[in-house]
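Notes follow the structure.
What follows is calculated from the coordinates using simple rules that are stated; it is not laboratory data. Note that the coordinates shown come from a computational prediction; the quantities given were computed from them, not determined experimentally. Here the Cβ positions follow ideal geometry from the backbone for every residue, glycine too, while neighbour counts run over all protein chains shown.
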Amino acid sequence: MDYGDYSGDLYDLYAGVDYQFSTHVAVGLGINGVSIDVGVDKPNFDGDLNWQYTGGLLFFKFDF
């Protein structure tokens, strides 16, 4: 995305599976990754923010 003096990217990726072992409860595993890259280019200021993480998930899911 570009807007005026600002530009950047945002990525959010998720992959996972779950196993429903009863009618209302499941357990799952997944991986999630987020990446943010934002830049500012002004006459008196030039800066960037680059941030990312990737992590595993273990979760329970309850259906009502």
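Karplus-based coupling profile of segment 25-42, in residue order and whole Hz: 10, 9, 10, x, 10, x, 9, 10, x, 10, 9, 10, 9, 10, x, 10, 10, 10, with θ = phi - 60° in 6.51 cos²θ - 1.76 cosθ + 1.60 and x standing for Gly or Pro. Residue separation of VAL34 and ASP12 scaled by 0.36 nm, minus their Cα-Cα distance, works out to 7.5 nm of gained length.
Taking a Cβ cut-off of under 11 Å around ILE36, the surrounding Lys, Arg, Asp and Glu residues balance to a net charge of -4, with basic ones at +1 and acidic ones at -1.
Along segment 10-22 the Karplus relation, 6.51 cos²θ - 1.76 cosθ + 1.60 evaluated at θ = phi - 60°, assigns HN-Hα couplings of 9, 10, 9, 10, 9, 9, x, 9, 9, 10, 8, 8, 8 Hz to successive residues, with x for each Gly and Pro.
Subtracting the Cα-Cα distance of ASN50 and SER22 from 0.36 nm times their residue separation leaves 5.8 nm of extension gain.
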